[in-house]
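Peer 1: One structure follows; several queries about it will come next.
The values are calculated or read from the model by the stated rules, or taken from the named source; none is laboratory data. In this text the structure is predicted, and so the values were computed from the model without any measurement. Positions of Cβ are backbone-derived with ideal geometry, glycine not excepted, and every protein chain shown enters the neighbour counts.
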Amino acid sequence: MKEQKWTFCAILAIIGIAAVACDSGNGINNGNVTVSLDKNIMTLEVGITETLVANVNPNDTALLWTSSDETKAVVNNNGRITGISPGKVKITVATVDGCQTAECVVTVNSVYILGTNGYWVDGVKVDIDGALLGLAVSEGKVYTSGYYRIGYPSDTYPDDGIYRKACYWLDGNRIDLPDETGNSCATRMTVSNGKVYIAGWYNDGNYIRACYWEDGQKVDLPVGTGNSMVTDITVINNIVYAVGCYGKLNIAGIIIDNGYVINCYWVNGTRYDLNFSPDSPIDYIGYPQNNISDYSRGFRLAVSDGKVYTSGNLYGRHPSGGYMMTQSKYYINRVSYHLASGSSVSYVGGITVSNNKVYVAGQFYLDWTSGVSRGTYSYACYWIDQERINLSLGEAISIAVSGNKTYISGMYKESRSNSEWKPCFWVNGERRELVGGKGGRITHSSSGIVVVSE
């Protein structure tokens, strides 16, 4: 019994010494040392380095930096963190005795960006022999969708839809998609619950028909008479959402040439018109698309909390006159929100929703009214709930949001007098150039950005 009491007393003494060592009196930590970090949450990309700043008092106190998983991110003795692979990691700074610590949870993102003839992953180009229009990443596998040509070089674009064959690539291996006539095109795509969904169109011998493929099986979307196609697709809780356009002969008593197109979206096959609807005034009609490939520049899609968000551009004749007009806008379900402001003309691309805010990529043209060509003075920008944020000379095309970072892919120019367009992406407004491989452009047809954090 006496021995047990002595053991108990010894344990109390050790605890007391440890407490004194951390709280006061040992010369290492007298209770006045404090350590904190300038951030407790950080997002960075694979291969990118950012610095955490430690605030320590006294300021000459020695510190140790550690990473909870060096396969995700590493940190040096100055708090410089480098992303290694996607995922979450905890960065800890501590006094040498370990008594005072501070932590930051770091999310490391991999960024995949689509171009005309391949994609970039974390800045490294992967070339694919085909014309690419869509991108998806799932469980470490990279899917791209588009088409290839029979008898034509894969990196050139003909003036019409002839000789296109819809397909997709899984990690660079091509998989053909079925159609009736051998003339078809796969636009954008998504992967949900292990199934591959691809938007697009096929030629039935008379018209271009809107469709999508689910795990290689073609599903037609109803539109009636005229040309039609699907430009974007997503799947939420096994509900298939698609957006696109179609030709229509008679709308609300107004006769329209079949060459005009009407923007719309489908929910599990049920169509909802956007620029023509019984509960919305008719302001602009669809502009005739002489080149079927121009359709793939059409509306983009996002779904959040059961609401359908679409972005795109309407062209047509103003109801008060015969002159052609353009309207860049996004819709929440079928309610439209204009994005052009003042005398500038804008063109919009991708859309996403984060924390109940709507993000839309695009560009605007300050010198349109002076007769300057559209492409010469386009400025890349994006909108958050209709508030425009300028980037630089160029075109912003696709957009994604992850954590506190906004990612936008597109093209830029060095100056107004420079005719060369270069692929790039912006991270919170900071431009990063994309190089390597066979080059390639990022266009409104061939564009997509996917951010992977796990």
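Peer 1: State whether one or more residues within region 116-129 are of a type in the set (A, V, I, L, M, F, W, C), assigned by TED's automatic domain parsing to the domain that holds Val401 and out of contact with any Phe, Trp or Tyr (no Cβ under 9 Å at 6 or more places or on another chain).
Peer 2: Yes, region 116-129 contains a residue that is of a type in the set (A, V, I, L, M, F, W, C), assigned by TED's automatic domain parsing to the domain that holds Val401 and out of contact with any Phe, Trp or Tyr (no Cβ under 9 Å at 6 or more places or on another chain).
Peer 1: Could I ask something else about it? Checking the conditions here, which among Gly244, Gly259 is over 25 Å from the mean Cα position of the chain (by Cα), modelled with pLDDT under 90 and in the same structural domain as Gly140 (by TED's automatic domain parsing)?
Peer 2: Criteria check complete, one pass: Gly259.
Peer 1: Please determine, by comparing only the residues of region 408-454 that are without any contact (Cβ under 8 Å) to a residue 60 or more places away in the chain and hydrophobic (A, V, I, L, M, F, W, C), which one is surrounded by the most Cβ atoms within 10 Å (Cβ to Cβ).
Peer 2: Ile408
Peer 1: Going through Lys88, Lys141 one at a time, which residue ends up being under 30 Å from Thr187 (Cβ atoms) and modelled with pLDDT of 95 or more?
Peer 2: Lys141
Peer 1: Taking region 374-407 as the search range and keeping residues that are touching an Asp or Glu at 6+ places or on another chain (Cβ under 9 Å) and exposed (fewer than 14 other Cβ atoms within 10 Å of the Cβ), which one is modelled with the lowest pLDDT?
Peer 2: Result: Gly375.
Peer 1: Please work out if Ile384 is β-branched (Val, Ile, Thr), assigned by TED's automatic domain parsing to the domain that holds Gln363 and within 15 Å of the chain's Cα centre (by Cα).
Peer 2: yes
Peer 1: Which residue pairs have Cβ atoms closer than 7 Å, lie 6 or more positions apart in sequence or on different chains, and pair a first residue in region 44-66 that is of a type in the set (D, E, K, R) with a second residue that is assigned to a loop (DSSP other than H, G, I, E, B)?
Peer 2: Matching pairs, first to second residue: Glu45/Asp122.
Peer 1: Output the residues belonging to region 180-215 that are more than 19 Å from the chain's Cα centre (by Cα), surrounded by fewer than 22 Cβ atoms within 10 Å (Cβ to Cβ) and more than 20 Å from Gly247 (Cα to Cα).
Peer 2: Of everything in region 180-215, those that are more than 19 Å from the chain's Cα centre (by Cα), surrounded by fewer than 22 Cβ atoms within 10 Å (Cβ to Cβ) and more than 20 Å from Gly247 (Cα to Cα) turn out to be Glu180, Thr181, Gly182, Asn193, Gly194, Lys195, Glu214, Asp215.
Peer 1: When you check Arg271 against the structure, is it crowded, with 17+ Cβ neighbours inside 10 Å, at pLDDT below 50 and among the charged types (D, E, K, R), yes or no?
Peer 2: no
Peer 1: Return only the number of the condition from (1) closer than 15 Å to Gly349 by Cβ; (2) more than 15 Å from the chain's Cα centre (by Cα) that Gly436 does not satisfy.
Peer 2: (1)
Peer 1: Could you list, in sequence order, the residues of region 67-98 that are over 30 Å from Asn32 (Cβ atoms) and in contact (Cβ under 8 Å) with a residue 60 or more places away in the chain?
Peer 2: Within region 67-98, Pro86, Gly87, Lys88 meet the criteria.
Peer 1: What are the pairs, 6+ residues apart or on separate chains, where a residue within region 99-124 that is over 30 Å from Asn173 (Cβ atoms) has its Cβ under 6 Å from a residue that is part of a loop (DSSP other than H, G, I, E, B) and polar (S, T, N, Q)?
Peer 2: Cys99/Asn29; Cys104/Asn40; Thr107/Ser453
Peer 1: Name the one entry in Tyr315, Tyr347, Tyr359 that is assigned to a strand (DSSP E or B) and at pLDDT 90 or above.
Peer 2: Sole residue among the options that is assigned to a strand (DSSP E or B) and at pLDDT 90 or above: Tyr359.
Peer 1: For region 177-195, what are the residues that are part of a strand (DSSP E or B) and without any contact (Cβ under 8 Å) to a residue 60 or more places away in the chain?
Peer 2: Answer for region 177-195, where residues must be part of a strand (DSSP E or B) and without any contact (Cβ under 8 Å) to a residue 60 or more places away in the chain: Ser184, Ala186, Met189, Thr190, Val191, Ser192, Lys195.
Residue-by-condition table, conditions (1) among the aromatic types (Phe, Trp, Tyr); (2) modelled with pLDDT of 95 or more; (3) more than 22 Å from the chain's Cα centre (by Cα); (4) surrounded by 14 or more Cβ atoms within 10 Å (Cβ to Cβ):
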site	(1), (2), (3), (4)
Leu64	no, yes, yes, no
Glu70	no, yes, yes, no
Val108	no, yes, no, yes
Ile113	no, yes, no, yes
Asn117	no, no, no, yes
